[in-house]
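Note sheet for the following structure.
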Amino acid sequence: MYASREDIGYDFGDDSKVGSKPIKPNPNIDGGWAWMIVLSSFLVHILIMGSQMALGILNMEWLEEFNQSRGLTAWVSSLSMGITLIVGPFIGLFISMCGCRTTAIIGGILNALGWILSAYASNVHYLFLTFGVTAGIGSGMVYLPAVVMVGQYFQNRRALAQGLSTTGTGFGAFLMTALLKYLCTEFGWRNAMFIQGAISLNLCVCGALMRPLSPKELHEKYVVRNDSEENQAKALSHSTETIKSNGVLGEEPEKKEEAANEEVLGSVQHTEIGGKSGSGRSMYGLRLFKTVSQLTITVRKGFALWYSSYFGAASLFTNRVFVAFIIWALFAYSSFVIPFIHLPEIVKQYNLSRQDNVFPLTSIIAIVHIFGKVILGIISDLPCISTWNVFLMANFTLVTCILTLPLMQTYIGLAVVCALIGFSSGYFSLMPVVTEDLVGTKHLANAYGIIICANGISALFGPPFAGWIYDITQKYDFSFYIAGLLYMVGIIFLLIQPCIQKKQSREKSTEEAQV
């Protein structure tokens, strides 16, 4: 019924699947420094995604402090979550030009600044700018590099590595909920945000750990050999699809441009060596010119790769399954975010605050979310299991829980549904793996940037929409039903498109065989 992981990699140009393996494995691929990258990404998820999942605590404080409607106040949390993800494509440009490490360090400073400035908020609109926009952009500049670096350092255990690193979201939601609740109680929400801003500076340390792979190391990761003549034939017969999805069309001009750039730099180097007898001022000018030239070439190459991924002949949007994936992402994320933002209010409505104070429902989601990511990652890495099928089954479970949650009005019922939401939402750890299978590693940063941008749009409008529905009906039920139905539409797109693509591929193979 579903397209398997092998089908996706085969039809859409994941050349790592063509029955081959690296000739000379690098010790830092799937081991060594790769685990430090996982640790760095884990801490990023705690400090960014975990903090955002705990914003329900601050949302209640803002409602009390500024006395605004639930719909308007929810925009603060939504802007922060949404912008973190929406800026993904533009952060992809930063990564192409500056690298993951520099991007993440700048983002850490910006995120901390947003938290600290928010401590001085005089109204909700001030928070839109400081917390929603400033902290949101900073979060995005750290989050995308953290995901991309894990993809670069792992080949055989990608799902497990992404699962371990993204468990930071669950740990963070649990820890940050408890921390923010304690800080707000003891020091007030303003001082709590100031302290959280100081803690967020640790994102700069996480960024510093993101040591880039050298071009040689990247080459060793992807150099493969064919096991048989049959595999070679398969690869050749599907070269057209591979070119369309992986962007091979852009490689030849890129190589020519690289040669021209090297020639320019070489001439500058030759002039510099030949002019050693000249004045010191001339030598300084030459060095400055060389530095500016190198910087210009780096920016041009980064922008060219970013532009070709979106608008060039090898555009990611020529991959139909990837487009279906984007449509799914537009509806999916709000279904996960809405419970985190509005569950504290729902608990209050049902007079369940006493039980929730003992063990908060958001903490149940967070804890089980940790196990969900690890377990789903381990299952997906099994040779006989398709990552795509695991991803779809987890989505079906989550949408069922979202539609069921409004029917539960007891603490036990809500706790069970929240536990299932936490486990099934562990599919987030599979998103980078599925994306890489669809477009290849070369375009992972830009492709995943698009996916999290779509998620960001979903997160941006989801909670305010739920708050707006509540302001009209005085119930959250319709918010969950509408979000669940839209989510189901996204899943249907994921089901239909791979089947169509698989059918077209078979028809094409049959036509070629007849010729």
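The values are calculated or read from the model by the stated rules, or taken from the named source; none is laboratory data. A quick note: this is a predicted structure, and the numbers were derived from the prediction, not measured. Cβ: placed from backbone, ideal geometry, glycine included. Neighbour counts: every protein chain shown. Keep in mind that these areas ignore ligands, DNA and RNA; they rest on the heavy atoms of the full protein, side chains included. Shrake-Rupley method; radii C 1.70, N 1.55, O 1.52, S 1.80 Å.
Pick from Ser96, Ser77: which is touching a helix residue (DSSP H, G or I) at 6+ places or on another chain (Cβ under 6 Å) and buried (at least 24 other Cβ atoms within 10 Å of the Cβ)? Give the steps one after another, and end with the answer.
Numbers: Ser96 fails: buried (at least 24 other Cβ atoms within 10 Å of the Cβ).
Criteria check complete, one pass: Ser77.
Quick one: count up the residues across the stretch 68-124 that are at pLDDT 90 or above and of a type in the set (Ser, Thr, Tyr).
Within the stretch 68-124, residues that are at pLDDT 90 or above and of a type in the set (Ser, Thr, Tyr) number 4.
Out of everything in the stretch 360-416 that is within 26 Å of Val489 (Cα to Cα) and outside any helix (DSSP H, G or I), what residue ends up being least open to solvent (accessible area, probe 1.4 Å)?
The selected residue is Ser386.
Out of everything in the stretch 150-182 that is open to solvent by less than 10 Å² (accessible area, probe 1.4 Å) and more than 20 Å from Gly426 (Cα to Cα), what residue ends up being farthest from the chain's Cα centre (by Cα)?
Here the residue is Leu180.
Is it the case that some residue within the stretch 471-488 is open to solvent by less than 60 Å² (accessible area, probe 1.4 Å) and not in a helix (DSSP H, G or I)?
Scanning the stretch 471-488 turns up at least one residue that is open to solvent by less than 60 Å² (accessible area, probe 1.4 Å) and not in a helix (DSSP H, G or I).
For the list (1) open to solvent by 10 Å² or more (accessible area, probe 1.4 Å); (2) within 23 Å of the chain's Cα centre (by Cα); (3) not hydroxyl-bearing (Ser, Thr, Tyr), I need the number of the one condition that Gly422 fails.
(1)
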